[in-house]
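First comes the structure, then the notes that go with it.
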Amino acid sequence: MVKTEKRICLIEASDISRAAALIRAGELVAFPTETVYGLGANALDAEAVAKTYIAKGRPAESPLIVHVDSIDMARGLVREWPAKAELLARRFWPGPLTLVLPKQRHVPDLVTAGLDTVGIRMPANDIALALIREAGVPIAAPSANRFTELSPTTAEHVRESMGDGVAMVLDGGRTTVGIESTVLSLAGPDALLLRPGMLTKSEIEEVIGAVDVARALGTGAHPSPGMHQRHYSPRTQLVLVDDGQLPSAGRGAYLWITNSADAACMIQMPGQPRAYAAVLYEKLHQADAQGWDWIAVEKPPLAPEWAGIHDRLQRAAAK
Ligand code: AMP
Ligand code: MG
C-alpha cells in the first residue's frame with residue numbers, strides 16, 4: 001500500500017474540513033489521488049457535477065468516476081454488487097481500479113453520461129479518503145485539467161490548467177501511480193476491461209478469472225463514452241518512435257529509455273513500468289511548456305505491465 005502519512009502533513013485538518021464543506025455546498029474541490037488529481041463534486045448533486053464540465057470545458061458525453069471511502073458507500077450507488085466486485089474491492093481497494101456496475105436511480109445521469117452504469121473506485125490516498133469521509137458523500141471527479149489536456153500529477157499542474165475555475169486545490173504533492181485507473185466493467189455477463197492501467201489484466205484475472213478486453217482499446221469505436229482517441233495529450237505534437245528515429249524537421253524533446261539519440265532536449269525515462277508511469281505526465285508537462293516543435297517518445301517494451309502506458313501514449317499521439 002502507498003504510504004501517504006508524510007503527504008497528508010502538507011495539509012491541515014482544517015483544510016480538509018473546509019474542502020468537505022465546499023463539496024457539501026455544491027462547489028468544486030481539486031484533490032490528489034494516487035493516479036492523477038481529480039476535480040471533485042458531490043456525486044449526488046447534479047448541479048455541482050455540471051460545474052465540473054463547465055470548469056473543464058468538457059462535453060457532457062464522458063462518464064465520471066465516483067470516488068468512495070468504503071465498500072458500503074459503493075454498494076449504495078449500485079443495483080447489483082456481484083461476487084466479483086466484492087472480491088476485487090477487497091483485494092485492490094483502495095487502489096487504481098474502477099468498477100463499472102448498474103447504477104441506482106439516484107445517481108444523476110450527468111455523472112454517468114446517460115449510461116445505466118456507474119464507474120466507482122476507492123482511491124489510495126489519505127487526503128482523498130479523508131475528504132470523502134468528512135464530506136459524507138461520494139465524490140464524482142474527472143481529472144482536474146481542461147478537456148483534452150494532459151492530466152495533472154501535481155497541484156501546480158492543476159492551478160496552471162484550471163486557474164480560478166476551482167474553489168480550492170488540496171495539495172498532496174506528486175501522485176504516486178501517475179496515470180489514470182484501470183477501468184473494468186462488471187455490468188455484463190463477462191468482466192470487460194474498458195481502459196488498461198497500472199493494475200494489470202493478469203492481476204485482475206488472478207482474483208476473478210478470465211477478463212475480456214474491449215475491442216476498441218487503442219483505436220476505433222468507443223465501447224463507452226469518453227474513450228476519445230485523442231485524450232491525455234500535450235499541446236505539442238507527440239510522436240512515438242522506434243530505434244531513436246526522431247522527426248527530421250524541427251527541434252524537440254525526446255523521452256527515451258534505451259535508444260538514445262541527439263534531440264535538443266533529452267529526457268531519460270525509467271526502465272521499470274511503475275517508475276515510468278509515475279513520472280510520465282510530469283515529463284510531458286515539462287517538455288510541453290518548453291515550446292518544442294515536437295515531443296518524441298521511445299516506444300516502451302510490449303510486456304503486459306506496460307499496457308496502460310501504451311494506451312495513454314497512443315492517445316497522446318493521436319492527431
Ligand atoms: P477519467 O476521468 O479521465 O479518469 O475518465 C473516466 C473514464 O472512466 C471514462 O472516460 C470511461 O472510460 C470510464 N468510465 C467511467 N464511468 C463509466 C461507465 N459508467 N461506463 C463505462 N466507462 C466508464
Ligand atoms: Mg481526464
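The values are calculated or read from the model by the stated rules, or taken from the named source; none is laboratory data. Model, not experiment: these values are computed from the prediction. Backbone-built Cβ (ideal geometry, glycine too); neighbour counts: all protein chains shown. Just the protein is used for accessible areas: all its heavy atoms, side chains included, with ligands, DNA and RNA removed. Shrake-Rupley method; radii C 1.70, N 1.55, O 1.52, S 1.80 Å.
Select from the range 119-143 the residues that are away from ligand 1 (no atom under 16 Å from the Cβ) and part of a loop (DSSP other than H, G, I, E, B) and list them in ascending order. Result: G136, V137. Suppose the filter is touching a Leu at 6+ places or on another chain (Cβ under 8 Å) and not basic (K, R); does V177 pass it? Answer is no for this residue.
Taken over the range 149-162, the residue count meeting the criterion of being under 22 Å from A43 (Cα atoms), in a helix (DSSP H, G or I) and either open to solvent by 10 Å² or more (accessible area, probe 1.4 Å) or within 13 Å of ligand 1 (Cβ to nearest atom) (or both) is 1.
Suppose we filter R121, R146 for residues that are open to solvent by less than 10 Å² (accessible area, probe 1.4 Å), charged (D, E, K, R) and within 16 Å of ligand 2 (Cβ to nearest atom); which single one remains?
On the way: R146 fails: open to solvent by less than 10 Å² (accessible area, probe 1.4 Å).
Among R121, R146, only R121 is open to solvent by less than 10 Å² (accessible area, probe 1.4 Å), charged (D, E, K, R) and within 16 Å of ligand 2 (Cβ to nearest atom).
May I ask you to verify whether P102 is under 16 Å from E47 (Cα atoms) and not small (G, A, S)? Considered against the rule, which asks whether it is under 16 Å from E47 (Cα atoms) and not small (G, A, S), P102 comes out as no.
Table: residues versus (1) under 18 Å from T35 (Cβ atoms); (2) away from ligand 2 (no atom under 16 Å from the Cβ); (3) surrounded by fewer than 21 Cβ atoms within 10 Å (Cβ to Cβ).
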{"site": "L88", "(1), (2), (3)": "yes, yes, no"}
{"site": "R91", "(1), (2), (3)": "yes, yes, yes"}
{"site": "P94", "(1), (2), (3)": "yes, yes, no"}
{"site": "L99", "(1), (2), (3)": "yes, yes, no"}
{"site": "R105", "(1), (2), (3)": "no, yes, yes"}
{"site": "G114", "(1), (2), (3)": "no, yes, yes"}
{"site": "G136", "(1), (2), (3)": "no, yes, yes"}
{"site": "A140", "(1), (2), (3)": "yes, no, no"}
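Of everything listed in (1) free of Cβ contacts under 8 Å to residues at least 24 places away in the same chain; (2) more than 14 Å from ligand 2 (Cβ to nearest atom), the single unmet condition for S161 is (2). With respect to (1) assigned to a helix (DSSP H, G or I); (2) surrounded by fewer than 20 Cβ atoms within 10 Å (Cβ to Cβ); (3) among the small types (G, A, S), the lone exception for G165 is condition (1).
Restricting the range 35-48 to residues that are closer than 23 Å to R18 by Cβ and within 15 Å of ligand 2 (Cβ to nearest atom), the residue that is surrounded by the fewest Cβ atoms within 10 Å (Cβ to Cβ) is V36. Restricting the first member to the range 243-263 and to residues that are open to solvent by 60 Å² or more (accessible area, probe 1.4 Å), and the second to residues that are at pLDDT below 95, the beta-carbon pairs closer than 8 Å and six or more apart or on different chains are D243/N259; Q245/A261; S260/G244.
Is it the case that I132 is within 17 Å of the chain's Cα centre (by Cα) and either at positive phi or buried (at least 22 other Cβ atoms within 10 Å of the Cβ) (or both)?
Working: within 17 Å of the chain's Cα centre (by Cα): no; either at positive phi or buried (at least 22 other Cβ atoms within 10 Å of the Cβ) (or both): yes.
For I132, the condition - within 17 Å of the chain's Cα centre (by Cα) and either at positive phi or buried (at least 22 other Cβ atoms within 10 Å of the Cβ) (or both) - is not met.
Looking across the range 269-284, just one residue is farther than 14 Å from T176 by Cα and buried (at least 21 other Cβ atoms within 10 Å of the Cβ), and that is L284.
Tallying residues that are in contact with a Leu (Cβ under 9 Å, 6 or more places away or on another chain), open to solvent by 50 Å² or more (accessible area, probe 1.4 Å) and within 15 Å of ligand 1 (Cβ to nearest atom) within the range 52-86 yields 3.
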